1. So which of GLY175, GLY164, GLY135, GLY211 is touching an Asp or Glu at 6+ places or on another chain (Cβ under 8 Å) and either surrounded by fewer than 14 Cβ atoms within 10 Å (Cβ to Cβ) or farther than 20 Å from ILE114 by Cβ (or both)?
2. Select from region 262-285 the residues that are assigned to a loop (DSSP other than H, G, I, E, B) and either within 20 Å of the chain's Cα centre (by Cα) or of a type in the set (A, V, I, L, M, F, W, C) (or both) and list them in ascending order.
3. Looking at region 295-308, is at least one residue loosely packed, with under 15 Cβ neighbours inside 10 Å, within 20 Å of LEU203 (Cβ to Cβ) and of a type outside the set (Phe, Trp, Tyr)?
4. Can you tell which of THR103, THR97 is of a type in the set (Val, Ile, Thr), touching a strand residue (DSSP E or B) at 6+ places or on another chain (Cβ under 8 Å) and in a loop (DSSP other than H, G, I, E, B)?
5. Going through GLY175, GLY212, GLY164, GLY186 one at a time, which residue ends up being modelled with pLDDT of 95 or more, at positive phi and part of a strand (DSSP E or B)?
6. Can you tell me which of (1) of a type outside the set (Asp, Glu); (2) at positive phi; (3) out of contact with any Pro (no Cβ under 8 Å at 6 or more places or on another chain) is the one THR317 doesn't meet?
7. Return the only residue of GLY53, GLY35, GLY65 being of a type in the set (Gly, Ala, Ser), in contact with a Ser or Thr (Cβ under 6 Å, 6 or more places away or on another chain) and either modelled with pLDDT of 95 or more or assigned to a loop (DSSP other than H, G, I, E, B) (or both).
Amino acid sequence: MKRAGFFFSTLVFSMLAAGFALRLATAQQSSPTPGLATLQEKHLRNVRQLTFGGSNAEAYFSADGKKLILQSTRDDLQCDQIFTMNVDGSDPYMISTGKGRTTCSFFYPDGKKILYSSTHLADLQCPPRPDYSKGYVWAVYAGYDIFTANPDGSDLQQLTHTPGYDAEATISEDGKKITFTSMRNGDLDIYSMNADGKHVKQLTHELGYDGGPTFSPDRKWIVYRAYHPTSEKEISEYKELLKQNLIRPTYLELWIMKANGSGKRQITHLGAASFAPAFFPDGQKIIFSSNQGSTGGMGNFELYAINADGTGLEQITYSPGFDGFPMFSYDGKKLVWASNRNSKAPHETNIFIADWAP
């Protein structure tokens, strides 16, 4: 939600006790599986499937490359909770409370804390799904706040306390700044704050949805997705849906700005739903997901790469269904993402990892 957990939950869709460890056979997970990559996916080598069943998304690396943190609806869970697991998929462990809905988890670079958003303070139950009688919409639940915890889920601390949606948080590679999306001022804008939640600064002010922000490795830039309505009809519809804590994500373009909010510029003009941007480790390119050029409907998303100046668009994945939420390991050697490939049930989405071939 890098970012966009509410998107994943609306796209693909007795609780586990907090801290319940799920043990899976790792022999299957640690070895490449033939057929998981298509012939066109020339940048992906030794593709491995790390989860098997349920809805799994937003898996992001720890700085040392040994762990992944993700959101998952599995087993008896009714909505997403936060898990960690080893980079080979072994030892998945639920670290969130098991209450409410969670999204957008991330490791602090020093490995001593984790970051995620949860609605459990607003309601211990899962919030209701969006009203699809209004068409394809995303829910931006007002109950979301941002929390930190120890890597095992203990010592949960609340970072945001303002009314309305606070989520989609990521942290800079030096561990000093968090960027996130909030509706605290009546619109969905991007903010930054210190790693302890202090010194909050609003970075975007344009009418519309600005979300999914992620820092560049040198911490000088933030890439994000945006929808800025322009016509009277678009503005009216956007405001009316926002009153109901909903947005319609039909058109999202990627933007980039300096970390202080200056120098904003649009880097895609695809006329599609493009989201979950993340920088390559060298900071020169951005990887993201989009349904641009889709022949399989709204849900046919692929991974793409683009230069930070908007040139050089390249398609990375060629798999039917959904491919999204990509992140490179900090050393650039591996890519992790969520995909419908090799699914055994409708709407099943799993986490995959591959060696990256430049």
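The values are calculated or read from the model by the stated rules, or taken from the named source; none is laboratory data. From a predicted model like this one, the values you see are computed outputs, not experimental measurements. No Cβ is skipped: glycine too gets one built from the backbone with ideal geometry, and neighbour counts run over all protein chains shown.
1. GLY211
2. ILE267, THR268, LEU270, ALA272, PHE280, PRO281, GLY283
3. No - not one qualifying residue is present in region 295-308.
4. Among THR103, THR97, only THR97 is of a type in the set (Val, Ile, Thr), touching a strand residue (DSSP E or B) at 6+ places or on another chain (Cβ under 8 Å) and in a loop (DSSP other than H, G, I, E, B).
5. GLY212 is the lone residue from the list that is modelled with pLDDT of 95 or more, at positive phi and part of a strand (DSSP E or B).
6. (2)
7. GLY65
Matching residues to (1) touching a Leu at 6+ places or on another chain (Cβ under 7 Å); (2) part of a loop (DSSP other than H, G, I, E, B); (3) charged (D, E, K, R):
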| residue | (1), (2), (3) |
| --- | --- |
| PRO109 | no, yes, no |
| PRO130 | yes, yes, no |
| SER133 | no, no, no |
| TYR141 | no, yes, no |
| THR181 | yes, no, no |
